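Down below is the structure, laid out as structure tokens.
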Amino acid sequence: MNKRAIAMQWLIIGGVILLLLSVVLISKGALASKQITSAISKDKDCSAPNIPVSVKGTAYTKDDAFIGVIAVPEKVTIDEVRAGGNALRAISSQDYTWQVKLYDDFTGNLVVSDGGSNSHPGGSIRIEDKFTLNFFVPDNDCNGRIDDFEGVLIFSVTTDDDEFMEVKERISFKNGRLVRENV
């Protein structure tokens, strides 16, 4: 083989690797904005920094099959919310991958996501998959408190035989408190 053919092979291999890496990063939420839209109008004189928020919760998966195992997303719960480091008051087997995504209710854009993989042994066992979503909320009125915001958590499960299912949970903060609503 000549040098040109070898160089072309390496170029093609590099391109395929770059393409696969891009697909993996996009599927893991690498292009997410990491900021959710505030429900408070922006004060033109306000230049306060964004407040970091961390939502921790649990995504539950159950077996929905009469015979065999079909891993199905059951529900997603919010266990803890912290803003700026302070806790806010909160109101036979089948392998699967799971993902929890937070979408901005105002723009529809993905804010942040978390995910992983697990195995469901079947039966009436409820599997828990812990997640953490870290993002920022603007302080548009410069009061040093987290602004109101609206979002939708989507918990999805893809089984090892490519079955896809999801459940949704609305996340709404008003006056510094989590308001629980089902979608």
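Does GLY15 satisfy the condition of being surrounded by 10 or more Cβ atoms within 10 Å (Cβ to Cβ), modelled with pLDDT of 70 or more and under 30 Å from GLY115 (Cα atoms)? When the stated conditions are applied, GLY15 passes them. Residues in the stretch 25-44 that are outside any loop (DSSP other than H, G, I, E, B) and at pLDDT 80 or above were compared, and the one that is surrounded by the most Cβ atoms within 10 Å (Cβ to Cβ) is SER38. Only residues that are over 17 Å from PHE131 (Cβ atoms) and at pLDDT 75 or above were counted in the stretch 69-105, giving 8.
Taking every residue in the stretch 52-71 that is assigned by TED's automatic domain parsing to the domain that holds LEU153 and farther than 21 Å from ILE36 by Cα and pairing it with any residue that is in a loop (DSSP other than H, G, I, E, B) and among the β-branched types (Val, Ile, Thr), at least 6 positions away or on another chain, the pairs with Cβ-Cβ distances below 9 Å are LYS62/ILE125; ASP63/VAL69; ASP63/ILE70; ASP63/ILE125; ASP64/ILE70.
Could you list, in sequence order, all residues of the stretch 128-155 that are of a type in the set (Gly, Ala, Ser) and buried (at least 19 other Cβ atoms within 10 Å of the Cβ)?
Narrowing the stretch 128-155 to residues of a type in the set (Gly, Ala, Ser): 144, 151.
If the condition is that a residue be of a type in the set (Gly, Ala, Ser) and buried (at least 19 other Cβ atoms within 10 Å of the Cβ), then GLY151 is the only one that fits.
The values are calculated or read from the model by the stated rules, or taken from the named source; none is laboratory data. This structure is a prediction, so every number in the text was calculated from the model and none was measured. Glycine also receives a Cβ, built like all others from the backbone with ideal geometry; neighbour counts cover every protein chain displayed.
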